[in-house]
Amino acid sequence: MALGRLSQALLKSSLTQSRRQLSATAEGHGEQAARTWKIVTFVVALPGVAVCMLNMYLKMQQHALHHEQPEFVPYSHLRIRTKRFPWGDGSKSLFHNTELNALPNGYEGNDE
């Protein structure tokens with residue numbers, strides 16, 4: 001009986017001591033890892049996002065120079081309005097683009 005209690009006490013003390021050592025090393029490692037990820041975020045990620053945004057903006061500007069409005073064809077299965085939208089004049093969708101999205105009777109501003 002005494003041997004069992006002694007072995008349990010030794011086991012508990014060794015586990016407690018190893019936990020303290022692990023937590024001390026993990027604390028230093030966590031601070032270093034956080035610092036590394038902070039540097040990676042500011043040096044790699046944010047400039048990468050900025051370059052992607054600039055690339056998309058320049059491509060959009062180039063595309064806008066060559067873009068023509070497609071011809072309006074009044075297909076019966078497109079632009080069906082069974083009830084009015086609850087915003088604006090009720091005929092335009094929430095994300096309506098006057099240059100790209102036609103209304104049921106044609107594009108806006110084209111009086112043909």
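No value in this document is a laboratory result; all are computed from the given coordinates. Note that the structure is a prediction, hence the values are computed from the model and not measured. As a convention, Cβ positions derive from the backbone with ideal geometry for all residues, glycine included, and neighbour counts pool all protein chains shown.
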(request) Within region 91-100, identify whether any single residue is without any contact (Cβ under 8 Å) to a residue 12 or more places away in the chain, in a helix (DSSP H, G or I) and exposed (fewer than 10 other Cβ atoms within 10 Å of the Cβ), and answer yes or no. (result) no
(message) Tell me whether region 66-76 contains one or more residues that are in contact (Cβ under 8 Å) with a residue 24 or more places away in the chain and at positive phi.
(response) no
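For region 58-86, name all the residues that are of a type in the set (A, V, I, L, M, F, W, C), surrounded by 10 or more Cβ atoms within 10 Å (Cβ to Cβ), within 14 Å of residue 103 (Cα to Cα) and under 32 Å from the mean Cα position of the chain (by Cα). Give the derivation first.
Taking region 58-86 and keeping what is of a type in the set (A, V, I, L, M, F, W, C), we get 58, 60, 64-65, 72-73, 78, 80, 85.
Narrowing the set further to residues that are surrounded by 10 or more Cβ atoms within 10 Å (Cβ to Cβ) leaves 58, 60, 72, 85.
Subsequent filtering for residues that are within 14 Å of residue 103 (Cα to Cα) retains 72, 85.
Matches in region 58-86: 85 only.
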